[in-house]
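Have a look at the structure below before the remarks.
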Amino acid sequence: MCADAPFDKRTYQHRKVFTQTGRVPRKKINIDRGNLLNNKVKYRSKFELNLARTLVSKNVTFFYEQDKFEYIPAPRHYTPDFYFPETNIYVEAKGHLDKGDRVKMVLMKKQHPELDIRFVFMNAKNKIYKGSKTTYADWCVRYNFEWAEGSIPMEWVKK
């Protein structure tokens, strides 16, 4: 149809709309973890969902976003993605590590040194910002965080 046609006669094709944050809506991602939990758990990203599926297939006991920790300035709360009770390790799954996340994690490390927080990146070779020489892996080494790429190592999960 041409632009000269009356407005009510024009046809439009609707495009798929994605959120600005790039996160997948919570209501669309869920997995039934069978014996581990009786209810359905909702994950914040497909990366977290795939990590959880791998853990379930290997019969690993874990909790998703169970604990909250307060950190300062201006009391805020941090909720780690995965907790493994057998090894007492918290794992944060990251596709993108922005400045806010980096600051938060450094504050958490200083204010809660008793917590063992580790990272799993989709791609550890990503730069922390455009034009930087520092990768996600370099940043973790600098601030003494253990990290892995792609999947959670079994050493972190079971003794």
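Tabulated values for the structure
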{"quantity": "Conditions (1) under 17 Å from the mean Cα position of the chain (by Cα); (2) touching a residue at least 24 places away in the same chain (Cβ under 8 Å): number failed by Gly100", "calculated": "(2)"}
{"quantity": "Conditions (1) of a type outside the set (Asp, Glu); (2) in contact with a Ser or Thr (Cβ under 7 Å, 6 or more places away or on another chain); (3) surrounded by fewer than 17 Cβ atoms within 10 Å (Cβ to Cβ): number failed by Ala124", "calculated": "(3)"}
{"quantity": "In region 50-66, the residues that are part of a strand (DSSP E or B) and either closer than 28 Å to Lys130 by Cβ or not hydrophobic (A, V, I, L, M, F, W, C) (or both)", "calculated": "Tyr64"}
{"quantity": "Unmet criterion (only one of (1) in contact with a strand residue (DSSP E or B) (Cβ under 8 Å, 6 or more places away or on another chain); (2) closer than 20 Å to Thr79 by Cα; (3) in a loop (DSSP other than H, G, I, E, B)) for Asn123", "calculated": "(2)"}
{"quantity": "Residues of region 50-66 that turn out to be hydrophobic (A, V, I, L, M, F, W, C), open to solvent by 20 Å² or more (accessible area, probe 1.4 Å) and in contact (Cβ under 8 Å) with a residue 24 or more places away in the chain, as a count", "calculated": "1"}
{"quantity": "Filter result for Arg118 (more than 17 Å from Tyr43 (Cα to Cα) and surrounded by 15 or more Cβ atoms within 10 Å (Cβ to Cβ))", "calculated": "yes"}
{"quantity": "Per-region count, region 127-159, residues closer than 29 Å to Val60 by Cα, assigned to a loop (DSSP other than H, G, I, E, B) and open to solvent by 100 Å² or more (accessible area, probe 1.4 Å)", "calculated": "2"}
{"quantity": "Residue among Lys58, Lys9, Lys46, Lys68 that is charged (D, E, K, R), in contact with a strand residue (DSSP E or B) (Cβ under 7 Å, 6 or more places away or on another chain) and either at pLDDT 50 or above or closer than 26 Å to Ile117 by Cβ (or both)", "calculated": "Lys68"}
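The values are calculated or read from the model by the stated rules, or taken from the named source; none is laboratory data. The model shown is predicted, which means the values in this text are computed figures rather than measured ones. We place every Cβ from the backbone using ideal geometry, glycine too, and count neighbours over all the protein chains shown. Protein only, heavy atoms only, side chains kept; ligands, DNA and RNA dropped before computing areas. Shrake-Rupley method; radii C 1.70, N 1.55, O 1.52, S 1.80 Å.
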